[in-house]
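One structure below.
Each reported figure results from applying straightforward, stated rules to the coordinates on display, with no laboratory input. Please read these numbers as outputs of a predicted model, since none were measured by experiment. In this analysis, Cβ positions are derived from the backbone assuming ideal geometry, glycine residues included, and neighbour counts consider all displayed protein chains.
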Amino acid sequence: MKTMKTFKTRLLTMALLLCNISANAYDFIVDGICYNFLASEGKVQVTYEGSFYGVPYNRCTGNVTIPESVVYNDKTYSVTSIGNWAFSDCTGLTNITIPNSVTSIGNWAFNGCTGLTNITIPNSVTIINSEAFYGCTSLTSFTLPNSVRSIGK
């Protein structure tokens with residue numbers, strides 16, 4: 001009886017682990033960038049591609065330009081934020097262009113982007129959350145506008 005209970009416990013544990021191995025974190029993708037719908041009608045945020053064992057990942061490399069708006073299912077959405085972990089650990093990301101429609105940058109948004117050398121924050125951004133650029137060891141150019149009212153640690 002105890003052996004059967006142990007077997008069922010192990011089987012359930014394995015099933016739960018397998019369910020968490022890989023999961024999508026986005027609602028849709030346009031031109032290689034992942035987006036989530038926001039509660040505000042017609043607005044989206046940039047997000048990460050998925051998670052592997054609970055760790056967010058994204059595959060963006062090179063120069064990435066976030067558009068001011070995207071079209072999905074024949075509807076246009078304004079890109080208003082860069083979400084938590086959006087580009088986390090994208091070590092091949094070298095340059096990011098953020099549009100004037102973005103007003104906030106999430107926690108750990110560019111965490112571990114060791115290849116990122118240049119970023120210009122537009123005047124529309126008012127909030128940069130905690131550790132947004134933590135581990136960006138190659139960052140040599142960073143423009144911070146006067147519009148930023150809040151910067152996390």
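Over region 24-136, what portion of Cα pair distances is larger than 17 Å, expressed as a whole percent?
Of the Cα pairs, 49 percent sit more than 17 Å apart.
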What nm distance separates the two modelled labels at residue 140 and residue 103, each placed 7 Å from Cα along Cα→Cβ? 3.6
May I ask you to list the residues of region 84-111 whose amide nitrogen lies under 19 Å from a point 7 Å from Cα along the Cα→beta-carbon direction of residue 39? 84, 103-107
Applying a 10 Å radius around every beta-carbon, put 92-99, 64-71 in order of their mean neighbour count, most first. 92-99, 64-71
Given 20 °C and 1.002 mPa s, how large is the Stokes-Einstein diffusion coefficient of region 77-126 in µm²/s, with Rh as the Kirkwood radius over Cα pairs? 193
Can you give me the distance in nm between label points at residue 150 and residue 61, each placed 7 Å from the Cα along the Cα-to-Cβ direction? 3.7
